[in-house]
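Peer 1: Quick one: the structure is below, questions incoming.
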Amino acid sequence: MNPPLHTPAELQSLLLDLISPARAVDQARLDALDEPQWQSILRMAGQHRLGPLLHWQLGRAHAHLQCPEFVKAQLLASYRQSALRNLMLQRELLLVHGILDAAGIKYVALKGPFLAFHAYPQPALRPMRDLDILVPEDQVLPAFQVLLDGGLTRNKSYEGTPEACAQLFNHMPPLRSPSGSLNVELHRLAFRPEHDHGAGAELSLDPGFWQRALALPLAGASISYESPTDLLLHLIVHAAYDHEFNNGPLLLSDLAFLLDKHPIDWPLFWSMAERGRHVRGCWLALKLTERYWGKQPIAWPDSPPLAALEDGDLLARTAQLMLRDFDAREGVSLHATLEAKQTLAAKATHVCSRLFAPRTLVATQYAVRPDDWRIYGYYPVRWWRLLRQRLPGFLRVLKASSLQDEALEIRKLRHWLRQ
């Protein structure tokens, strides 16, 4: 019999195995769990939107396993909630499609809707937090206004000036759907421009991107999506480079179900990955998918980026980073960034750059234009927000050796991805 599971890492490994169709789990591992440990697993599943998938796999890949009734009940509830929310999101997607189509503005729905409605076996298995819509960069401000005129409203929690967001970020301030039930994020770029992507990496600026886009039927409408090849690269870059894998193990099921159902132009995929300096992240994400979802129909490049990718330890460490605690991730990320600075002066420079941010950046957070003298009054407000939201998490990391170890792993991952 396996020893009782106590450490967070062991619970993370068990959860990863339970949502995997390719990993063996015996009943003894579950019998070793007490109720608080089950609650920890459920909390991780809730943070990373894994409840519906875990419910599904426990009835299929791991149907031989017996779980406590309260676990099965909570997972079933999360599955049903996801099914209802995706029906609601489908309605809002159709509304946004109608508004943009009537205005003659081309668009693609990013990531989640294609996966939920055209890749996963059931839409409920792919929960979505919000709706991401990409339009051509020169159309983002007109499209933003068209959506407002069509009944969407500004989200009061995001007061940033649209023009400033369109200058610095890949998306506009989130809008609320007419029902008030979800956010709609209008994107001008697929990748985050503030991150270190290679020259010419941006997907939406590729000459063939819009020509490769698909129009697929959904509830009587023809919805536009990224091509499967572009979506594959987008999912990986978003997870590995924009979020350092902290957006969770849904990445692996996303890739597995996408690859199972849709053909990929592999020469184009690896060419785009090379152009954006994303080959390592792509290799790592696809290897992780094979680790947890079995052999995939991947046409690997002739020259692997590194033999080290065959190292199971690298894959295991990265997999555990996918289940980081949401409440600690900001503090861990800041600690990793500061520890990477070699000198005290470099650390101080980074902190000062956050406190005395450019006016355009401040304008992305508050309802004030960068050239308005009143913007200086928002700096103390921003400082207070940073102290209230960031400092407690950073201090928590300083007190917890496990979080410091996590920050170290993030630094290693950053360095490895960008070598």
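The values are calculated or read from the model by the stated rules, or taken from the named source; none is laboratory data. Predicted model, so just to flag it, every value in this text is computed and none were measured. FYI the Cβ positions are ideal-geometry reconstructions off the backbone, even for glycines, and counts take in every protein chain you see. Heavy atoms of the whole protein, side chains included, go into the accessibility calculation; ligands, DNA and RNA do not. Shrake-Rupley method; radii C 1.70, N 1.55, O 1.52, S 1.80 Å.
Per-residue answers, yes or no, for (1) surrounded by 19 or more Cβ atoms within 10 Å (Cβ to Cβ); (2) farther than 21 Å from ILE105 by Cβ; (3) touching a Phe, Trp or Tyr at 6+ places or on another chain (Cβ under 9 Å):
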residue	(1), (2), (3)
GLN145	no, no, no
GLY150	no, no, no
TYR158	no, yes, no
PHE169	no, no, no
SER204	yes, no, yes
PRO207	no, no, no
LEU214	no, no, yes
ALA221	no, no, no
ASP230	yes, no, yes
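Peer 1: Separate question: Checking the condition open to solvent by 20 Å² or more (accessible area, probe 1.4 Å), in contact with a Cys (Cβ under 8 Å, 6 or more places away or on another chain) and either β-branched (Val, Ile, Thr) or more than 20 Å from ALA116 (Cα to Cα) (or both), which residue from TRP270, TRP266 passes? Steps first, please.
Peer 2: Working: TRP266 fails: in contact with a Cys (Cβ under 8 Å, 6 or more places away or on another chain).
From the options TRP270, TRP266, the qualifying one is TRP270.
Peer 1: Another question about this same structure. Which residue out of ALA9, ALA24, ALA32 is hydrophobic (A, V, I, L, M, F, W, C), under 24 Å from the mean Cα position of the chain (by Cα), closer than 24 Å to LEU321 by Cα and at pLDDT below 95?
Peer 2: ALA9
Peer 1: Consider ALA316 against the criteria (1) assigned to a helix (DSSP H, G or I); (2) modelled with pLDDT of 90 or more: it satisfies all of them except one. Which criterion is unmet?
Peer 2: Of everything listed in (1) assigned to a helix (DSSP H, G or I); (2) modelled with pLDDT of 90 or more, ALA316 misses just condition (2).
Peer 1: Sticking with this structure for a sec: Looking at (1) among the aliphatic types (A, V, I, L, M); (2) in contact with a Cys (Cβ under 9 Å, 6 or more places away or on another chain); (3) assigned to a loop (DSSP other than H, G, I, E, B), find the lone condition where LEU65 falls short.
Peer 2: In the conditions (1) among the aliphatic types (A, V, I, L, M); (2) in contact with a Cys (Cβ under 9 Å, 6 or more places away or on another chain); (3) assigned to a loop (DSSP other than H, G, I, E, B), LEU65 misses (2) alone.
Peer 1: Which residues, taken from the range 330-364, are open to solvent by 70 Å² or more (accessible area, probe 1.4 Å) and touching a Gly at 6+ places or on another chain (Cβ under 8 Å)?
Peer 2: Listed by number, the list holds a single entry, GLU330.
Peer 1: Determine, yes or no, whether GLU185 is in a strand (DSSP E or B) and surrounded by fewer than 21 Cβ atoms within 10 Å (Cβ to Cβ).
Peer 2: On the way: in a strand (DSSP E or B): yes; surrounded by fewer than 21 Cβ atoms within 10 Å (Cβ to Cβ): yes.
Against the criterion (in a strand (DSSP E or B) and surrounded by fewer than 21 Cβ atoms within 10 Å (Cβ to Cβ)), GLU185 qualifies.
Peer 1: What are the pairs with Cβ atoms under 9 angstrom where one residue, in the range 314-325, is more than 11 Å from LEU284 (Cβ to Cβ) and the other, located anywhere, is of a type in the set (Gly, Ala, Ser) and surrounded by fewer than 18 Cβ atoms within 10 Å (Cβ to Cβ)? Sequence gap at least six, or different chains.
Peer 2: These pairs meet every condition: GLN320/ALA9.
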